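The values are calculated or read from the model by the stated rules, or taken from the named source; none is laboratory data. Here the structure is a predicted model, which is why all the values come from computation and not from measurement. Because the Cβ atoms are built from the backbone with ideal geometry, glycine has one as well, and the counts that use them run over all protein chains shown.
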Amino acid sequence: MARRFEKLPPGAASHLQGMAAAGLLSESRAALALGMPLDQFREVITEHKPSREIWQTALAIERDQLLEALYSRAIAGDSAAARTLLAVRHGLSEKATTGGPPVHISFNLPAAQSPEEYLKAVTVTPEAPKALSNGED
């Protein structure tokens, strides 16, 4: 039985960075390329700090590549790419309202009442009609 991996093998950083630059980065492909079982690869990048940093650097390279491609499309006039880039990079969204703080509405409901109390509250008793005045007071 083969010994378990405790860290990424030598040369993993440059290999993963190359995969990221080519847009081929995924956990399963990385594990296969490094000759590691996928479960051990995941364990190593979770528990071994230097290996986790190598993986995070590769992910950052891939993210930068994707943002660069998105930026190029946005500059070329792709409005969907521009909206996405604004949302990703600057936290803007079409759904967000502009100006002023958000509005909060609270509804306060009365406490539960017994049927008798409810009937008292909703029953209207007609008043005696008032006499019309003829202008003399």
I need the full set of residues from the range 83-116 which are surrounded by 10 or more Cβ atoms within 10 Å (Cβ to Cβ) and at pLDDT 80 or above, in order please. R83, T84, L85, L86, A87, V88, R89, Q113
Return the residue satisfying two criteria in turn: it lies in the range 14-39 and is under 29 Å from the mean Cα position of the chain (by Cα), surrounded by fewer than 17 Cβ atoms within 10 Å (Cβ to Cβ) and small (G, A, S), and of such residues it is farthest from R63 (Cα to Cα). S28
Checking A69 against (1) surrounded by 14 or more Cβ atoms within 10 Å (Cβ to Cβ); (2) over 15 Å from A12 (Cα atoms); (3) in contact with a helix residue (DSSP H, G or I) (Cβ under 9 Å, 6 or more places away or on another chain), which test does it fail? (1)
Cβ-Cβ under 6 Å pairs, at least 6 apart or on other chains, the range 3-31 side without any contact (Cβ under 8 Å) to a residue 24 or more places away in the chain, far side assigned to a helix (DSSP H, G or I): S28/L38; A31/L38; A31/F41
Report whether or not S72 is of a type in the set (G, A, S) and free of Cβ contacts under 8 Å to residues at least 12 places away in the same chain. yes
